[in-house]
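The values are calculated or read from the model by the stated rules, or taken from the named source; none is laboratory data. Quantities reported herein were computed from a predicted structural model and do not represent experimental measurements. Here the Cβ positions follow ideal geometry from the backbone for every residue, glycine too, while neighbour counts run over all protein chains shown. Note: areas computed on protein heavy atoms with side chains; ligands, DNA, RNA excluded. Shrake-Rupley method; radii C 1.70, N 1.55, O 1.52, S 1.80 Å.
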Amino acid sequence: MDDDGAGDRPQTGLMFDDRFLSHNTGQALIDDRVSYPFAIPVAHPSSPGQVWRAKQLMDLAGLTDRMLRIDACEASDEALLEYHTRAHLDSVAAVSVSGGDTGD
């Protein structure tokens, strides 16, 4: 058994980089295409504030110390195609030239 007591159980990995905190979701809100029922809208889940808060809470709870650290890296098209279609990659590439909404 390993020192962490995990034995042969798979570990949970965490990929985090401070660059994730500069992701600009603009004014996007959760389901922002309909009128919002709350007085204070909830930010998009990948907004910098939400990402920072989630990471801080995991740190404070000691969860990040128990996770396998995975360094962030630029993904190749080959790696992305394991999870996304070529059409999706082409669409994101086209949008990234000028910025804009990549859709659902």
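Odds and ends about this structure:
- Placing R0 at 30 angstrom, the Cβ-Cβ distance between residue 52 and residue 76 gives a FRET efficiency of 0.60 after rounding to 0.05.
- Within the assembled protein chains, the solvent-accessible surface assigned to residue 88 is about 70 Å², based on a 1.4 Å probe.
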